[in-house]
Amino acid sequence: MNSIFSTGNAFTPAGKMTTRSSRVSDASRFSIGFECLDRKMFDDRKMYPNLANLGVKWARVQTGWSQCEKEKGVFDFAWLDAIVDTLLSIGIQPWFNCTYGNQLYTPEATHQTAIGWTPMYKAEAAEGWVRFVARLAKHYKGRVTHFEIWNEPDLNGHAHFWRPYTRDPFKYTELVKISAASIRKANPQAFIIGGAFAHGLDTYVEDCLNCGIADVSDAITYHFYGKNPDEKYEDYAKKVRETVHRRRSIPVWQGESGVPSGMQTEQAMAGIPWTEEAQAKWLLRRSLLDVINNTPFISYFHAADFSHYITDRFVEHTYYYGVMRADGSMKPSFQAYQSICSLFGDATKYRGHEGGYLFDANGDIKGVPVHAFFRNGKGLTVFWKGVDLLEPYAPPNVSIRIPHEHATGMTDPVIIDTITQEVFRITKKEKREREWVFSDIPLIDYPIIITDATTVL
């Protein structure tokens, strides 16, 4: 992918932006999906060399009860140890998604991994689950502190994750309660996460809250996909937070969100002609919206493409959700997330959505917020056009006025392509008494960042 800023005479190349490995990154709210290794859906060994440089500080890992207890009462965490210890060695903290069943306790499960088969309808299975999460918490004490209970329990359908019965908020909340008690007994410092809700605004969530899920949880997670990363998302996230906070003021996390980079035949975002470029743009827009909304924790799904998928059956088909391909090579979305982690970590503070003013020959441009950030003594100005990423779009050239209060420390203005990570000096600029004015800026469909060169070079 060539940068749009490399054409014309409005910009001159200044180099590549400096990025940070996960070891030294300050991006403590950013996570990457590292799920599905309980089903061996990708080769994690091929991912670590590049993953170490992504800049995320967290990785969501599924614990695979069926892989840890293959004989009743006998636990073997060797496969999970290898994942946890390798992630820790490259500066990434695993957080556990404790989920899915075990055929030892639900022999009617249609696949040996018992995906979605809840232990809550059989006394022996529930007792087995409580033993499992207790052993898990004890075994990983000092290495893993965060435990999310189950995955998308509110999903129905052939691939849903609450089997064998229809979703049940009372039973799910009971699962969270018995899991939290067992985990905290083994590790009193454990951080318990409830929810992993696929549908954050229906009555299921309200019912779980009424049953007391927030009372035993330290955070609640929701998942949100969607073709247009901007469409309806801010209102959705706000309403989920408000719904939870009416019960208890605890953090509400975005625990899973993403799109593939190619056409999927099933699962999330199926039947849509995604491309690697569109995936990268989607990731940038959704991640920045989470930052703008002050979302305390942000996780992108997924680190790697899958060679197959297992729910109630084995499907041999490539699933293109990863920021890396199956061989571990980086997609444009990898660089996009790397840019986010490097520029919007803990040192970066959000100032507001009136950080500047876009205009053209016809006057001010409405409906495109200009977001102001501040990082290490320097201002960052961010804006994009929130159009549908899979529809044709010819970006117009616009001008922008950035007040000096939002251009703090700017003496050498540059513009950053957050996908290619190329940095360009802006040639068409004017420093006025109260503002900077930049001209001939293409209003593209993914985040444009204007800042001082010392911020990124």
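The values are calculated or read from the model by the stated rules, or taken from the named source; none is laboratory data. Owing to the predicted nature of the structure, the values given are computational and were not obtained by experimental measurement. We place every Cβ from the backbone using ideal geometry, glycine too, and count neighbours over all the protein chains shown. For the accessible areas, the whole protein counts, side chains as well, though only heavy atoms, and no ligand, DNA or RNA atoms are used. Shrake-Rupley method; radii C 1.70, N 1.55, O 1.52, S 1.80 Å.
Evaluating Tyr357 against the criteria (1) open to solvent by 10 Å² or more (accessible area, probe 1.4 Å); (2) farther than 30 Å from Lys40 by Cβ; (3) out of contact with any strand residue (DSSP E or B) (no Cβ under 9 Å at 6 or more places or on another chain); (4) of a type outside the set (Gly, Ala, Ser) leaves one unmet condition, (3). Contact annotation: residue pairs with Cβ atoms under 7 Å, 6 or more positions apart or on different chains, pairing a residue in segment 1-18 that is on the phi > 0 side of the Ramachandran plot with a partner that is in a strand (DSSP E or B), are Gly15/Val423. When Glu148, Glu174, Glu152 are checked against the criterion of being assigned to a strand (DSSP E or B) and either farther than 23 Å from His223 by Cα or of a type in the set (Asp, Glu) (or both), a single residue qualifies: Glu148.
Of all residues in segment 249-262, those satisfying the criterion of being in contact (Cβ under 8 Å) with a residue 24 or more places away in the chain and either open to solvent by 80 Å² or more (accessible area, probe 1.4 Å) or not in a strand (DSSP E or B) (or both) are Ile250, Pro251, Ser257, Gly258, Val259, Pro260, Ser261, Gly262.
Being open to solvent by 20 Å² or more (accessible area, probe 1.4 Å), touching a residue at least 12 places away in the same chain (Cβ under 8 Å) and under 16 Å from Arg351 (Cβ atoms): is that true of Thr455 here? When the stated conditions are applied, Thr455 passes them. Among the candidates Gly91, Gly73, Gly15, Gly55, the residue that is open to solvent by 10 Å² or more (accessible area, probe 1.4 Å) and either modelled with pLDDT under 95 or closer than 24 Å to Ile448 by Cβ (or both) is uniquely Gly15. All conditions in (1) on the phi > 0 side of the Ramachandran plot; (2) open to solvent by less than 30 Å² (accessible area, probe 1.4 Å); (3) small (Gly, Ala, Ser) hold for Ala137, with the sole exception of (1).
Take the conditions under 26 Å from the mean Cα position of the chain (by Cα) and either assigned to a loop (DSSP other than H, G, I, E, B) or modelled with pLDDT of 95 or more (or both) and apply them to Val387. Does it pass? Against the criterion (under 26 Å from the mean Cα position of the chain (by Cα) and either assigned to a loop (DSSP other than H, G, I, E, B) or modelled with pLDDT of 95 or more (or both)), Val387 qualifies.
With respect to Ala270, is the statement that it is free of Cβ contacts under 8 Å to residues at least 40 places away in the same chain, among the small types (Gly, Ala, Ser), open to solvent by 10 Å² or more (accessible area, probe 1.4 Å) and part of a loop (DSSP other than H, G, I, E, B) true? Taking the combined requirement at face value, the residue satisfies it. When Phe191, Phe170, Phe147 are screened for being within 20 Å of Phe96 (Cβ to Cβ) and open to solvent by 40 Å² or more (accessible area, probe 1.4 Å), only Phe191 passes.
Among the residues making up segment 308-329, those that are in contact (Cβ under 8 Å) with a residue 40 or more places away in the chain, open to solvent by 60 Å² or more (accessible area, probe 1.4 Å) and farther than 17 Å from Trp274 by Cα are Arg313, Phe314, Asp327. Where helices (runs of 4 or more DSSP H) sit wholly within segment 22-112, those with at least 1 residues that are without any contact (Cβ under 8 Å) to a residue 60 or more places away in the chain and touching a Pro at 6+ places or on another chain (Cβ under 9 Å) occupy 78-89.
The rows are residues; the columns are (1) farther than 23 Å from Val176 by Cβ; (2) in contact with a Cys (Cβ under 8 Å, 6 or more places away or on another chain).
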| position | (1), (2) |
| --- | --- |
| Phe30 | yes, yes |
| Cys36 | no, no |
| Lys40 | yes, no |
| Lys72 | yes, no |
| Ala78 | yes, no |
| Ile83 | yes, no |
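Inside segment 216-248, residues that are within 30 Å of Glu391 (Cα to Cα), under 16 Å from the mean Cα position of the chain (by Cα) and not in a helix (DSSP H, G or I) make up a count of 9. Per the conditions (1) under 16 Å from Lys281 (Cα atoms); (2) open to solvent by 20 Å² or more (accessible area, probe 1.4 Å), the sole criterion not satisfied by Ser339 is (2).
Every listed requirement among (1) open to solvent by 10 Å² or more (accessible area, probe 1.4 Å); (2) modelled with pLDDT of 95 or more; (3) not β-branched (Val, Ile, Thr) is met by Ala198 save one, (2). Evaluate segment 259-267: report whether one residue or more is modelled with pLDDT of 95 or more and under 27 Å from Thr203 (Cβ atoms). No, because not a single residue in segment 259-267 is modelled with pLDDT of 95 or more and under 27 Å from Thr203 (Cβ atoms).
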